[in-house]
1. Quickly run through the stretch 233-261 and pick out the residues that are in contact with a Phe, Trp or Tyr (Cβ under 7 Å, 6 or more places away or on another chain) and buried (at least 20 other Cβ atoms within 10 Å of the Cβ).
2. Can you name every one of the helices (runs of 4 or more DSSP H) wholly within the stretch 267-370 that holds 2 or more residues which are farther than 30 Å from residue 20 by Cβ and in contact with a strand residue (DSSP E or B) (Cβ under 8 Å, 6 or more places away or on another chain)?
3. Among the residues of the stretch 435-450, which ones are open to solvent by 40 Å² or more (accessible area, probe 1.4 Å) and of a type outside the set (D, E, K, R)?
4. Residues 95, 46: which one is surrounded by 16 or more Cβ atoms within 10 Å (Cβ to Cβ), under 30 Å from residue 241 (Cα atoms), in contact with a strand residue (DSSP E or B) (Cβ under 8 Å, 6 or more places away or on another chain) and at pLDDT below 75?
5. Test residue 340 against the criterion of being within 31 Å of the chain's Cα centre (by Cα) and open to solvent by less than 60 Å² (accessible area, probe 1.4 Å), and give yes or no.
6. So in the stretch 407-428, with the set limited to residues that are open to solvent by 20 Å² or more (accessible area, probe 1.4 Å) and of a type in the set (A, V, I, L, M), which one is farthest from residue 381 (Cα to Cα)?
7. Go through the stretch 239-263 and report how many residues are part of a loop (DSSP other than H, G, I, E, B) and under 15 Å from residue 226 (Cα atoms).
8. If residue 526 satisfies all but one of (1) closer than 26 Å to residue 614 by Cβ; (2) touching a residue at least 60 places away in the same chain (Cβ under 8 Å), what's the number of the condition it fails?
Amino acid sequence: MVDDVERWLDELGLAKYASVFLGEEIELLDLQELTDSDLKEMGLPIGPRRRVLRAVAELAMTTTDRPEPRRTNLDPAVVQRTVTRNLAERRQLTILFCDLVGSTKLAARIDPEEFGEILRRYQKSSTTAIERCGGYIAKFLGDGILAYFGWPEAYEDQAIQAVHGALEAVNQVREDSLPDGVRLEARAGVATGLVVIGDLVGEISQDLDAVAGDTPNLAARLQGAAMPNQVLIDATTRSLIGKAFDLSDPIYVTLKGYTAPVEAWRALAAHGADTRFDATRDASTTHFIGREHELDLILDRWARAKAGEGQAILVSGEAGIGKSRLLQAFRTRISDEPHAALVYQCSPFHIGSAFHPIRQKFTRDAGIGATDDDQAKLDKLRVFLAPRVSDGPSEVSVLAALLGLPPLDPKHLDDLTPYQLRERIRRSLLNQLLALSRHNPVLFVFEDVHWIDPSSAELLLETVSAIIEVPVLMFVTYRPEYRLDWPMHSHVAVLTLNRLSRSEGAELVRSATGVELPPAIMERIIARTDGVPLFLEEMSRAIAEIESHSDDPEIPSTLQSSLAARLDRMGAAKQIAQVGAIIGREFERKLVQRLVELPADTLDREIQSLLQSGLVIRRPGTDREAYAFRHALIQEAAANSLLREHRRNLHLRIAEIFEECAV
């Protein structure tokens with residue numbers, strides 16, 4: 001039965017998740033019971049989750065030895081998303097257009113059947129690359145592919161993932177060739193902006209994933225202007241990806257439909273930063289504010305670690321609260337001290353990929369390039385590992401398997417089961433850390449472990465016990481919704497980062513803008529950002545760009561995806577957040593119920609979800625059931641996601657209800 005599941009996953013192009021299904025002891029008969037929540041808990045990214053659920057539905061239609069599956073097995077959030085997707089909404093999307101270069105000439109000179117096969121290979125390889133990076137394939141337009149990043153669920157770093165997806169798609173196509181040996185070529189355009197997306201219903205047709213706005217046009221025009229094997233990105237995407245990629249100097253391209261040349265950049269390759277923070281943020285422009293006590297604690301633990309008493313520090317806090325900034329400040333303080341730093345970054349798109357953070361760092365540190373063949377990759381890995389491994393060729397073969405490379409000698413992996421191979425890999429990685437600590441103290445960092453894969457999680461759990469008497473400081477960051485079930489040894493400290501005080505917030509605003517803003521403007525920034533450092537920095541810079549400071553700016557593009565992602569994670573409760581946001585920063589249950597017309601038990605369940613998420617809090621000191629958004633920007637994002645007509649209708653209905661109550 002396990003083999004059946006592996007074959008089924010392989011047919012879907014998801015063979016790499018077989019170990020995840022095996023670890024959960026899922027058999028073929030269990031597949032029809034899986035929900036989106038199950039798959040999310042197992043660590044599958046959005047794209048693979050969608051493919052599994054579609055395939056499960058098809059499996060249910062063809063399976064004859066089981067009764068018709070119960071509809072109640074569906075995740076309520078998925079049901080709600082299906083029901084409400086016909087409500088179009090406003091959101092920031094990154095859109096990718098990709099096409100096959102020279103397809104018209106190619107179709108004219110070869111047999112239609114042969115061209116059809118080439119087109120299928122191109123679509124499969126490109127789609128796999130795009131979906132692996134979190135993209136949603138909206139349409140195939142002949143040889144063109146239209147993909148959305150940030151739909152149907154928003155997520156952080158969607159612009160970065162879109163550029164990754166474009167580069168990977170173009171590189172994948174280059175691996176294919178015609179029968180005469182000529183390589184296939186693709187090109188892509190990426191643009192980011194505000195769109196209206198959802199079911200744009202017409203009299204003739206209905207499109208659940210239709211998108212309106214300039215962004216798709218810009219992405220398509222950039223794709224048309226790109227040369228073969230090139231990826232062109234627009235200015236907004238450029239501002240969002242930070243230092244994550246090597247880019248060309250800006251160029252100005254003349255695009256059909258645009259009155260002036262458009263500024264664009266060629267994305268060349270991923271830059272290879274250690275962490276998301278390093279890739280997208282520049283903390284050198286702001287002072288380190290409000291975390292001095294936490295920094296002193298970390299420095300104290302570092303002193304103990306250097307003395308041979310290994311330490312672990314677990315730093316918890318919501319997105320944007322300053323976890324990575326705290327790490328950067330600490331690394332700056334110890335930069336002159338002899339030590340080794342091993343920094344690993346977890347990814348929401350590789351939760352089901354064993355040892356993904358380690359594989360990424362090995363690939364980067366060994367200088368392995370995307371265009372290297374297996375032998376070149378193996379040679380680079382062997383050189384990189386030579387001073388780090390004790391078991392020579394055998395250990396290199398084990399770690400080559402970690403990168404999906406052939407062993408130096410097949411005998412090195414003879415008779416190893418997948419479980420035994422994982423054990424060998426974990427033991428090798430731990431031994432390398434301990435060996436490194438014999439020469440210098442080691443800072444061992446794992447960022448964003450709320451996205452960690454199971455194999456890396458096992459490695460961390462084993463490491464925290466192994467470092468007790470060695471000079472290693474583990475530094476682990478994660479968000480509060482993640483339950484880090486570690487035994488609390490005396491050498492493990494937990495730091496929870498809270499919001500900055502008003503005075504600290506004001507100091508950060510001054511640091512971010514470099515000027516002393518008028519008191520009224522300062523008060524508006526602090527009120528809208530609620531002490532979250534990331535919000536403070538981005539809103540300060542946005543307001544500083546308004547010469548008169550007379551109006552509050554819209555939510556900066558740098559925050560749009562992060563805020564939308566928090567709302568999308570609410571599933572069905574998002575509708576309650578949107579309606580509550582139209583009422584105001586504070587809202588009452590009684591009024592919300594009249595606006596959404598949900599059964600009382602359903603409404604209470606969704607409000608409870610909002611409370612558990614931390615997006616809203618209960619207002620004390622009143623006999624009415626009243627709630628408030630924890631952050632003003634969350635309220636603004638929820639309200640702004642509704643179409644203007646929908647907002648107007650809600651405002652009108654609220655006014656009517658108030659009039660009824662006044663009579």
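1. Correct list: 233, 238.
2. 292-306, 323-333
3. Here is the first cut: in the stretch 435-450, the ones open to solvent by 40 Å² or more (accessible area, probe 1.4 Å) are 436, 438-440.
Of everything in the stretch 435-450, those that are open to solvent by 40 Å² or more (accessible area, probe 1.4 Å) and of a type outside the set (D, E, K, R) turn out to be 436, 439, 440.
4. Working: 95 fails: at pLDDT below 75.
Matching residue, one of 95, 46: 46.
5. Details: within 31 Å of the chain's Cα centre (by Cα): yes; open to solvent by less than 60 Å² (accessible area, probe 1.4 Å): yes.
Yes.
6. 416
7. Of the stretch 239-263, the ones part of a loop (DSSP other than H, G, I, E, B) are 242-244, 248-250, 254-261.
Applying the additional criterion that residues be under 15 Å from residue 226 (Cα atoms) yields 248-250, 254-256, 261.
Adding up the residues that qualify gives 7.
8. (2)
The values are calculated or read from the model by the stated rules, or taken from the named source; none is laboratory data. Since this is a predicted model, take the numbers as computed values, not measurements. Virtual Cβ from ideal backbone geometry, glycine too; neighbours counted across all protein chains shown. The area values use the complete protein model at the heavy-atom level, side chains included, leaving out ligands, DNA and RNA. Shrake-Rupley method; radii C 1.70, N 1.55, O 1.52, S 1.80 Å.
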